[in-house]
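The values are calculated or read from the model by the stated rules, or taken from the named source; none is laboratory data. As the structure is a prediction and not an experimental result, all values here were calculated from the model. Ideal geometry is used to build each Cβ from the backbone, glycine not excepted, and the neighbour counts take in all protein chains shown.
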C-alpha cells in the first residue's frame, strides 16, 4: 500500500532483508510488549502477589502444574469435551446452514427462532442444564454444541446466500444438476464463510467450555482456575489463562489454518489478496 | 449490482395508502414471526403433560407465564433488566469507538495485520470469563468487573472483522480513486468504510451475541444483580419457572436489541450493497 509497506518498491537488498525480518517477528511483537509492561508493572508498582503475580511465579506454577500431572489431566478433560461438542456443532450447523441458505423463504421464517436461540445459546442454558444433566461432561458438551452450532449455521447460511446467483444460473443453464451446482458452485463459493464459521466457532466453543467448567465440572482448565481463585493463587489463574490461550492458538495454527490453506487458498481467494499487498 | 439491492426491501417500504390488504399483510408478518415459537411452546406443553415431570425438573408454560407476570408486576424484572442493559450498552459503545479504528489501522498495513492477528486470536482463545477470577481480585464483586469482562469479549470480534473487511477490499478500488486524485479521507469514506461495513456489522452482531453471553456468565458469578444473577440464583433454590422465565427474557431482550438496532444497520449496509441473495 504505502511505500514503506511494500518490499517490492525498494531495490536495496538490506532493506529487503529488514522487511523480511520484520515480517517474521511481527506476530511476536504484541506479546513482547505485553510481557515488558507486565515486568515493568510488577517492578515499579510492586503490587501484592495476589493483585499481579510476577512473571517468575507464573512460570514456576506452570512447571509445578505440569510436573504434578494436574495440567495434563485438566487439559485432556477440556479437549475431550471440546472435540465432542465441536464435531456435533459443526456437522449439525453445516447441514442446517446450507439448507437454510439455499432457501430464502425458509431462512426468513426460521430467522426469529435462530436469533432467539442464538441469544440464549451457550452459558444461558447453564442453570437449566445443571438441573437436567448434572455437573460433568454432558453439560459441557451440550454448551459447546450449542455455541458452535449457531456460529457455523449462521456463517454457512450467509456464505451460501452471498454466492452470486449468476454463477449458479450459468452452471444450471449449461445443464448442471442440483447436486452438481451444489458441489461446484454453492459449496466452494460459501467455503470461506463456512471455514470462518468453523474457526470462529471453535474459538468461541473453547471459551464457552471454560465458562461452563468454572461452575459445571469437576475437572478441566476452567475448574483449575476457579479453584485457584478460592485460595487467591493469582499465579495459577494467570498460568491457566496463558495455557488456555496457547492451546487456542495451537489449535488454530496446526489444525484450522492448514485446513483453510488447503481449501480456500486453492480457490485463489486469499492468496490473490495477499500477493497484491 | 445495485438493482438487486434496490429491489430487496419492498416489505420495509412504507405503504402509501393503508388499505385493508396492507393491514392484513402486516398482521400476517407478525404471525409468521410468532409461528415457530407457537409450535415450540405447544411441543413443550405436550412434553410436560405427557411426562408429568416434578416441578424442579420441568414446569408448564402456564406456570412460567404466571411467574413472569408476578415478577414483572413487582418490578423485580425491571431492576435486573436495567442492570444488564446498562452494562451491555456502555460496553458496546466503548468497543465500537476503540475497536473499529484499531481494526482499520491494522487492516491497512500488512505488517500490523500480521502482528496483531495472532495476538487477537490469543485474546479470543482466553475467554473474558477465564480472567474473571483475577478481575474480581482487582475490582471486587462489582459492575466494573462485569463491564471489563464484557468489553474484553465484545471488542475482539469487532477489531477482527473490521480488519478482515478492510483487507478484503480489492486494492485497485483504492488505487483507482487515488489516481483520480482522491484524498486519504475520501478513500476512507468512499472505499474503506463502505467496503468494510458489512464485515464490521457481522463483527458487531457476533460481538453483541457473545458480549451478551459473557455478561450473563459474569453476572452468574459476580452475583450483583442482572439477568445472569436472576437465573443462577433461581437454580440454587430449584425454581425452574424463574430459570426458564429468565431465559425467555434474556432471549427476547436480545431479539429486541438485534431487531431494533443491529438489523436495521445490517439492512442499510449489506442489502444496500446488493450482495445478498433474494
Would you be able to say whether some residue in the stretch A:245-268 is more than 9 Å from chain B (Cβ to nearest Cβ), in a loop (DSSP other than H, G, I, E, B) and modelled with pLDDT under 80?
yes
Condition first: exposed (fewer than 12 other Cβ atoms within 10 Å of the Cβ) and either within 26 Å of the chain's Cα centre (by Cα) or at positive phi (or both). Now tell me which residues in the stretch A:38-62 satisfy that.
A:46
Starting from the stretch B:196-225, take each residue that is more than 9 Å from every other protein chain (Cβ to nearest Cβ) and list its partners that are surrounded by 24 or more Cβ atoms within 10 Å (Cβ to Cβ) and not in a helix (DSSP H, G or I), counting only C-beta distances under 8 angstrom and pairs at least six apart or across chains.
B:215/B:226; B:219/B:226
Could you check residue A:216 against (1) at pLDDT below 85; (2) crowded, with 20+ Cβ neighbours inside 10 Å; (3) within 21 Å of residue B:160 (Cβ to Cβ); (4) more than 9 Å from chain B (Cβ to nearest Cβ) and say which number it fails?
(3)
Does any residue of the stretch A:22-41 turn out to be not in a helix (DSSP H, G or I) and not assigned by TED's automatic domain parsing to the domain that holds residue A:255?
no
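Which residues, counting only those in the stretch A:217-236, are assigned to a helix (DSSP H, G or I) and either touching a strand residue (DSSP E or B) at 6+ places or on another chain (Cβ under 8 Å) or more than 17 Å from residue B:124 (Cα to Cα) (or both)? Talk me through it step by step, then tell me what you get.
From the stretch A:217-236, those assigned to a helix (DSSP H, G or I) are A:221-230, A:234-236; that's our starting set.
Matches in the stretch A:217-236: A:223, A:224, A:225, A:226, A:227, A:228, A:229, A:230, A:234, A:235, A:236.
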Restricting to helices (runs of 4 or more DSSP H) lying wholly in the stretch A:94-181: which have 2 or more residues that are closer than 30 Å to residue B:31 by Cα and touching a helix residue (DSSP H, G or I) at 6+ places or on another chain (Cβ under 8 Å)?
A:104-119, A:137-162
